[in-house]
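The next block holds one structure in the form of structure tokens; read it before the comments.
Rule-based calculations on the coordinates, nothing more; no lab input. This is a predicted model, so every value here is computed, not measured. Neighbour counts run over all protein chains shown; Cβ positions are idealised from the backbone, glycine included.
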Amino acid sequence: MISRWKAEFLERASLVFEKKTSETDKLKKEYESKQEHLEKRVGQLTVEVDWLKKNLVSNEPLAARKAMVERDNKAITVKRQADLLIKISR
């Protein structure tokens, strides 16, 4: 009985591994594509933030920077906004 299972496995083993390889390759390509897109997006946003830091806020007086803090912003805390606005001027 074991010899029959072994023979059957050896006949069909390539089918098992081919399916997983193709599915794995597909998932790997999707992951790499998404990662590449996100890396490009992070790079673009970094460039934009650096530009804003250099050209926009650094020229504003402290009172104007304090007025820029958005207390209703749920994505960035008030403390983080203040830290960013203060660090820009240094």
Legend entry - Label-to-label distance, nm, for residues given as Q35 and M68 (7 Å Cα→Cβ offset): 3.5
Legend entry - Partner aspartates and glutamates for K34 [C-alpha distance under 20 Å; skip if fewer than 8 residues away on the same chain]: E23, D25
Inset, instruction - Give K40/K74; K40/K66; K29/K79; K28/K79 a once-over and call out the pairs whose C-alpha atoms are over 28 Å from each other. - result: K40/K66; K29/K79; K28/K79
